[in-house]
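See below for the structure under consideration.
The values are calculated or read from the model by the stated rules, or taken from the named source; none is laboratory data. Since this is a predicted model, take the numbers as computed values, not measurements. Glycine also receives a Cβ, built like all others from the backbone with ideal geometry; neighbour counts cover every protein chain displayed.
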Amino acid sequence: MRLVPSPAAQEAPPMTLADPTLSAPSPTRLFEKYSPVTGASMGQFPIADSEAVEGAVARARAAFPGWRDTPLAVRLEAINRGRDVLLEQAETYARKIADDTGKPIIEALMFELAVVPMFLDHYLKRAPKLLTRRKVSTPMALLGKTGYIEHFPRGVIGIIAPWNFPFQLSVLPVISALIGGNTAVLKPSEVTPIAGEVVADFFRRMGLPPGVVEVVAGDGSTGAALCRANVDMLFFTGSVATGRRVAAAAAEKPIPCELELGGKDVFIVCADANLERAAEAVVFGSMANCGQACVSVERALVVDSVHDRFVELVKRKLARIKVGGPDEQAEMGPMTFAKQLQTVERHVEAARQAGAKVLTGGQRLDRAGLFYPPTLLTDVRPDMDIYREETFGPVLPVIRVRDEEEAVRLANASEFGLVGSVWTQDLDKGMRIASRLESGQVMINDVFSSVGHPGLPFGGVRSSGLGRYHGDEGLLTFMNPRAILVDRGKADYDPIWYPYTDKLASAFEVFRGVAGKKLGSVIRGFLGLRKASIDGHK
Ligand code: NAD
């Protein structure tokens, strides 16, 4: 299943993919990948061990000073070559990602590949402004001095990616890290090893200097080795359970760590919502990518007066979704990961037994592969696992609420806080509700779009994660701020320096000026301090 290098690739610099068969002296462990569409084997894939990971980190560290010192414009130009690679390889990449994950090719194209040039465009414009040294205003008590902020890269970033969007959730963090001058070691998910190879191929074709991006293939043990290795920051996207381990490993050193974890995203339907649009949206928002998105709708909280009509509309629209593999012109593929399908089955079955109504779907399809149909549940209660835990599958639980107040209360009474949406034709009310939701992103009358907006920071609160990527925050998260204060250095000493003799009254004058915002008092106080200093130095 290895990618065959094209002539262009053969001209590219030496491959930086940390291929354990080349870099690890110990025997390579392999694992078998099975197609989510057919259940057939798709080949064996390597698991990089600690030694291979450390080798990759060492290469990324060796590449760091050169890449850091490359002018930003040159770095951006090199990164922007990714656009040409995508233009040239889109069909091949989309197909491979679709086969690996089971998702429709159109989803691979739009949600995995197309987002990358969108983010590139944004960062090409934004990075020069954001990463240039800027002056900050200086308070009157620091008269005569000037403050600046600039940013310098953290170093080697360890990036660990999940399987649900295996291309964009690998590529975007790496690119964001690279822009500021970091180098990166990426560990894609073992659930989607073919997509992992596509990512490695993408970076190799970009022709970046050796070591700037290293890709280490492997499973959780490889990820754990990357957390232990000599990296300067960890950026993790995945489950809460693994996120805790990654954070613990980062805390040991300590190094900064960003966590992009799960969600139990709410979809609040107010009585005045455009129900037709809301129903269309909830179907897309809960079923796209087979519901395997951290931004998927996981709880629809629907106001009592429109609940039944909404459910009826949704049920009808769900029936139109064609389920099948990438070759069946389907709108929804199989699930990607057998273990996740078991979670879906467990949640739905337990909810059914506890009294939820399954209006459509609710049982694995009788065919090869990991197919589960679009599933609609009503009468879901907060004591059910499907209400509290992330399901991450093609299942939509609908919860009837008395009013919008109850919806907000239930939305916020969650372990998670990643994304939410509010459906109303009163945009002021929508904004008021949005501002009360304790989550990283909120949409009004929309689903999915906010995560695709390159200018908006993305990330969660509580168990949904730590930190933000995308937007300005998404570049700065990989940077250390450096504060610089400049004094022109003309005076031999500052009035506040030693000696303190005869300075207390003037110091009080300065204090009263600063606290009471009286410039005259500050100046008088400083003149007194200065005189005392001159006298003290005689
Ligand atoms: P996961 O935690 O099982 O695996 C994620 C990655 O961590 C994989 O590459 C895996 O090999 C690696 N890993 C496993 N054990 C490790 C360890 N001990 N140390 C270091 N790395 C280790 O998650 P998953 O099942 O791949 O992804 C699904 C989860 O990701 C869902 O909860 C979903 O909500 C979340 N997610 C979040 C976002 C976001 O941006 N917030 C985006 C997509 C997915």
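Checking Glu390 against (1) part of a helix (DSSP H, G or I); (2) touching a residue at least 60 places away in the same chain (Cβ under 8 Å); (3) crowded, with 22+ Cβ neighbours inside 10 Å, only one condition comes out false. Which one?
Among (1) part of a helix (DSSP H, G or I); (2) touching a residue at least 60 places away in the same chain (Cβ under 8 Å); (3) crowded, with 22+ Cβ neighbours inside 10 Å, the lone unmet condition for Glu390 is (1).
List, please: which pairs have Cβ atoms under 6 Å, are six or more places apart or on different chains, and start with a residue in the range 284-310 that is outside the structural domain of Leu169 (by TED's automatic domain parsing) and of a type in the set (Ser, Thr, Tyr) and end with one that is modelled with pLDDT of 95 or more and in a strand (DSSP E or B)?
Listed pairs, sorted by first residue: Ser286/Val297; Ser286/Leu396.
Is it the case that the range 315-338 has a residue that's in contact with a strand residue (DSSP E or B) (Cβ under 9 Å, 6 or more places away or on another chain), within 16 Å of the ligand (Cβ to nearest atom), more than 16 Å from Pro373 (Cβ to Cβ) and touching a residue at least 24 places away in the same chain (Cβ under 8 Å)?
yes
Report every pair of residues separated by at least 6 positions or lying on different chains whose Cβ atoms are under 8 Å apart, first residue within the range 403-425 and in contact (Cβ under 8 Å) with a residue 60 or more places away in the chain, second part of a strand (DSSP E or B) and of a type in the set (Gly, Ala, Ser).
If the second residue must be part of a strand (DSSP E or B) and of a type in the set (Gly, Ala, Ser), the pairs left are Ala411/Gly420; Leu418/Gly465.
With the checklist (1) within 16 Å of the ligand (Cβ to nearest atom); (2) outside any helix (DSSP H, G or I); (3) surrounded by fewer than 24 Cβ atoms within 10 Å (Cβ to Cβ) in hand, flag the one item Gln342 doesn't pass.
Result: Gln342 passes all but (2).
Grab the strands (runs of 3 or more DSSP E) fully contained in the range 111-181, keeping just those with 3 or more residues being in contact (Cβ under 8 Å) with a residue 60 or more places away in the chain.
Working: elements: 134-136, 145-153, 156-160.
Once the strands (runs of 3 or more DSSP E) in the range 111-181 are filtered for at least 3 residues that are in contact (Cβ under 8 Å) with a residue 60 or more places away in the chain, what remains is 145-153, 156-160.
Looking at the range 55-74 only, could you name the residues that are outside any helix (DSSP H, G or I) and loosely packed, with under 14 Cβ neighbours inside 10 Å? Please lay out each step first, then the result.
Kept after step one, since they are outside any helix (DSSP H, G or I), are these residues of the range 55-74: 69-71.
Matches in the range 55-74: Asp69, Pro71.
Could you grab me the full set of residues in the range 393-407 that are within 14 Å of Val283 (Cα to Cα) and either surrounded by fewer than 16 Cβ atoms within 10 Å (Cβ to Cβ) or among the acidic types (Asp, Glu) (or both)? Spell out the reasoning first.
From the range 393-407, those within 14 Å of Val283 (Cα to Cα) are 393-398; that's our starting set.
Those that are within 14 Å of Val283 (Cα to Cα) and either surrounded by fewer than 16 Cβ atoms within 10 Å (Cβ to Cβ) or among the acidic types (Asp, Glu) (or both): none in the range 393-407.
Among the numbered conditions (1) under 24 Å from Ser239 (Cβ atoms); (2) not in a helix (DSSP H, G or I), tell me where Arg367 comes up short.
All conditions pass for Arg367, except number (1).
Out of the residues in the range 451-476 that are at negative phi and of a type in the set (D, E, K, R), state the one that is farthest from the ligand (Cβ to nearest atom). Explain how you work it out, then say what you get.
Going through the range 451-476, the residues at negative phi turn out to be 451-458, 460-461, 463-464, 466, 468-469, 472-476.
Subset that is of a type in the set (D, E, K, R): 468, 472-473.
On the way: Arg468: 10, Asp472: 17, Glu473: 13 Å.
Within the range 451-476, the match that is farthest from the ligand (Cβ to nearest atom) is Asp472.
Only one of these is touching a Phe, Trp or Tyr at 6+ places or on another chain (Cβ under 8 Å) and under 23 Å from Thr101 (Cα atoms): Gly180, Gly243. Name it. Let's see the steps before the verdict.
Working: Gly180 fails: under 23 Å from Thr101 (Cα atoms).
Among Gly180, Gly243, only Gly243 is touching a Phe, Trp or Tyr at 6+ places or on another chain (Cβ under 8 Å) and under 23 Å from Thr101 (Cα atoms).
Yes or no: Leu476 assigned by TED's automatic domain parsing to the domain that holds Val174, touching a residue at least 60 places away in the same chain (Cβ under 8 Å) and not hydroxyl-bearing (Ser, Thr, Tyr)? Walk me through how you get there before you give the answer.
Numbers: assigned by TED's automatic domain parsing to the domain that holds Val174: yes; touching a residue at least 60 places away in the same chain (Cβ under 8 Å): yes; not hydroxyl-bearing (Ser, Thr, Tyr): yes.
Answer is yes for this residue.
Considering every residue within the range 347-364, establish whether at least one is within 16 Å of the ligand (Cβ to nearest atom), assigned by TED's automatic domain parsing to the domain that holds Asp426 and either part of a strand (DSSP E or B) or out of contact with any Gly (no Cβ under 6 Å at 6 or more places or on another chain) (or both). Lay out the reasoning, then the answer.
Taking the range 347-364 as the starting set, the residues that turn out to be within 16 Å of the ligand (Cβ to nearest atom) are 347.
Filter once more, keeping what is assigned by TED's automatic domain parsing to the domain that holds Asp426: 347.
Cutting the leftovers down to either part of a strand (DSSP E or B) or out of contact with any Gly (no Cβ under 6 Å at 6 or more places or on another chain) (or both) gives us 347.
Yes, that holds for at least one residue.
Out of (1) under 23 Å from Val451 (Cα atoms); (2) surrounded by 24 or more Cβ atoms within 10 Å (Cβ to Cβ), the odd one out for Phe284 is which?
(2)
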